[in-house]
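Accompanying notes for the structure given below.
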Amino acid sequence: MLPRVPVITPKFPPPLVMFPAASRTIWPAFVSGVGAGQIYELRTYGPFEPDRGLRFDSSKLLLDPYGHAVVILRNYSREAARREGDNAATAIKSVVTDPLSYDWLHKRMLDKERRS
C-alpha cells in the first residue's frame, strides 16, 4: 500500500535541476523535496498538428514511460482519456520509487493467467 502523499499540482512547478540528456530523447531531472511514494503527473505542451505528426494536448495527463510504479485511483476512467477535456481527476498517475529498497531477490513473476 502506498502512503497518502499529495499529487504535485502547483501553480508554479517546483525548481527542476535538469541534467544533460542521456540521449536525444531522455532528459533526467531532479525535483527537490520529492521522495519515494510521491504521486506525480506529466503533461506535454506543444503544437497540435496531426498532419505533421504532432499531437500535443496539454489537457491530458501522460504516464511516465520510465516510471517504475503507478497508482490507479478508484475513479480511473480510460474513456475520459479519449474524450475532449482534462482527464487529471480520472487518470493513472506515476509514483516515485526508491530503487534501492526493492527486494529483487524475492521477486515473484506476475500470474498472467489471473489478469484479465
(message) What distance in nm separates the two pseudo spin-label positions at residue 42 and residue 105, each 7 Å out from Cα along the beta-carbon direction?
(response) 3.3 nm
(request) Net charge near residue 59: determine it from the other residues with C-beta under 14 Å of the C-beta of residue 59, scoring Lys and Arg +1 and Asp and Glu -1. (result) +1
(request) Place a label point 7 angstrom from the Cα of residue 57 along the Cα-to-Cβ direction, then list the residues of region 74-105 whose backbone nitrogen is under 19 Å away. (result) 76-94
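Coordinate-derived values only; no laboratory data. Everything numeric here is computed off the predicted structure, so don't read it as measured data. Counting neighbours? That spans all protein chains shown, and the Cβs are built from the backbone with ideal geometry, glycine included.
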